[in-house]
Each structure stands twice: as structure tokens, then as C-alpha cells.
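Asks: Can you keep this structure in mind? I'll have questions shortly.
The values are calculated or read from the model by the stated rules, or taken from the named source; none is laboratory data. Keep in mind the model is a prediction, meaning the values are calculated, not measured. Here the Cβ positions follow ideal geometry from the backbone for every residue, glycine too, while neighbour counts run over all protein chains shown.
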Amino acid sequence: MTTGHEGTETVEALEPLDPIQPVQPVEPVELWAALRLRTQARIGLGRAGSALPTRHRLELQAAHAAARDAVHSPFDPDAVAARLPDLPVIRVRSAAPDRLTYLQRPDLGRRLHPTDRAHLPVGDWDVVFVVADGLSSRAVHDHAAQMVRATAVRLPDLRIGPVVLAEQARVALGDDIAAAMGATAVVVLVGERPGMSAADSLGAYLTHRPRPGTTTDADRNCLSNIRPPLGLTYETASRKLAALLTKARELGATGVRLKDMEEEPGELRG
């Protein structure tokens with residue numbers, strides 16, 4: 001605003017403002033593509049209104065259904081035994097009489113059925129492998145036999161007992177089985193609790209001097225997420241497991257006293 005020669009006020013014309021340019025949205029595919037290549041986590045899903053896009057919602061429902069199927073699908077010991085033609089196999093059950101009881105009573109899944117105990121052979125075994133259905137029979141069917149074979153060939157100097165196929169079994173059932181067989185160590189290959197990104201994950205639990213009542217994780221070593229190609233491969237998992245078995249024999253213990261110091265290429269450690 002200025003004052004004219006006669007004292008009157010005049011208004012200067014203002015320069016027009018540039019129109020505001022809208023921000024160009026970044027396509028989610030471009031923003032998250034690199035991260036999605038490194039994880040199976042569901043990231044950058046986007047939205048449709050206040051909900052997930054239909055495609056991602058259907059994927060979540062399918063993953064949930066796969067997890068439920070993994071828990072409730074029956075264990076087929078014949079299928080596992082057929083993949084171990086060169087190894088002696090024994091079949092046992094836990095004290096849980098059916099799947100519903102198994103899920104409701106974890107304690108029964110840790111105890112050997114009294115009838116089956118009498119049929120277990122006793123020997124001077126260095127290690128016994130127990131294949132347990134756990135919470136994912138799918139994981140056991142897909143990966144357990146391969147892991148037994150891949151690990152056994154790495155232990156040429158150890159006395160390996162018959163492979164025990166255990167139904168309605170939890171990890172601690174391996175302690176009861178190995179103690180009854182007189183084994184120095186037990187490896188329990190068990191179907192892990194399925195999640196929304198993996199319904200076929202196999203775990204390997206190693207215990208030195210197993211005994212009934214050893215329920216604490218502090219006494220065991222675990223290799224988790226064995227499920228090639230998206231998890232640990234059989235080659236990597238069996239090499240780690242064989243190394244842990246060898247170290248456990250030298251140390252006379254597993255659990256918090258036994259550390260896996262082997263690093264994989266590109267592996268991050270805290």
C-alpha cells in the first residue's frame with residue numbers, strides 16, 4: 001500500500017502466485033520392492049479405504065488356513081519311514097491319546113506311553129534321533145528324513161541308535177525316550193509352531209545327558225527354521241548340528257554352556 005500525491009491511498013497490484021503443484025505419490029511397489037526381497041514379513045501392504053487390499057487379505061486368510069492345517073493334519077510315520085530305508089526305525093506314542101488332548105495337555109505330550117516304553121531297545125548309543133510331529137506334521141513330512149540322513153553322514157565315528165518316530169510328541173518326550181534307550185544325547189526333530197509366514201518350519205533340539213523332567217530350554221540347543229529354500233538348508237543345518245554334537249561330547253553339556261560360534265556368509269549377529 002502506498003500514498004499518492006494528493007494523500008490518497010492506492011493499492012499496488014500483486015504478482016500472481018504459482019499454482020501449487022500436487023505431490024506425486026510414490027508407488028508402493030517402488031518403495032518396498034527392495035525390502036520385500038529380504039524378508040517374508042508382510043510390509044507395505046497398502047490399503048483399500050480403511051482395510052487391507054483384497055489380495056493381501058486373501059493371502060492372510062490362506063496363510064492362517066495353512067497354519068491350522070499344519071497343526072491338525074495327522075502325522076504319517078509310514079511316509080517318514082519310507083524315506084529312511086537304510087536306517088532302523090521304531091514307532092512310539094506319547095501319553096496324549098489324541099490330537100485334542102495333545103493340544104490341551106502339553107504335559108502328556110512330554111511323557112512316553114507306558115506300553116511303548118517296553119519296546120524300546122537299550123544300547124550304548126552316542127545319539128538317538130527322535131522325529132516328533134509337534135505342532136506341524138507338514139514340516140516333519142517335508143524335512144525330517146532329509147535332516148536325519150544329512151546329519152548322520154557327518155557323524156561317522158558316533159554310535160547312532162534307531163530312529164524313533166514319535167506321535168503326539170513334544171520336545172521333552174525325547175528326554176524320556178533317550179533315557180530309556182541309554183543314549184548319551186538326543187536330537188529331536190520336531191514340527192515347530194506354524195506362523196503366518198511359515199507353516200512348514202522344522203526345529204532340531206539337542207540335549208546332552210537327557211533325562212525325564214528336563215523341560216528347561218537352558219539345557220538344550222536349538223536350530224530353528226529348517227525349511228529350504230526359504231529357511232536353513234539341510235546342508236547348513238546338518239553341519240551346525242553335527243558340530244554342536246561334537247562340541248557337546250567334548251564339553252559334556254548342552255544349553256547355555258554350548259555356543260554355536262559358526263557364522264554364515266552375510267549373517268548378522270547382535
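Asks: Of the residues in region 160-175, how many are touching a helix residue (DSSP H, G or I) at 6+ places or on another chain (Cβ under 7 Å) and either of a type in the set (Val, Ile, Thr) or in a helix (DSSP H, G or I) (or both)?
Replies: So the count comes out to 4.
Asks: Can you report the number of residues in region 186-216 which are within 19 Å of Val127 (Cα to Cα) and charged (D, E, K, R)?
Replies: Summing the residues that are within 19 Å of Val127 (Cα to Cα) and charged (D, E, K, R) in region 186-216 gives 2.
Asks: If I ask for residues that are at pLDDT 80 or above and either within 30 Å of Gln168 (Cβ to Cβ) or surrounded by 13 or more Cβ atoms within 10 Å (Cβ to Cβ) (or both), which ones from region 24-55 would you list?
Replies: If the condition is that a residue be at pLDDT 80 or above and either within 30 Å of Gln168 (Cβ to Cβ) or surrounded by 13 or more Cβ atoms within 10 Å (Cβ to Cβ) (or both), then Leu52, Pro53 are the ones that fit.
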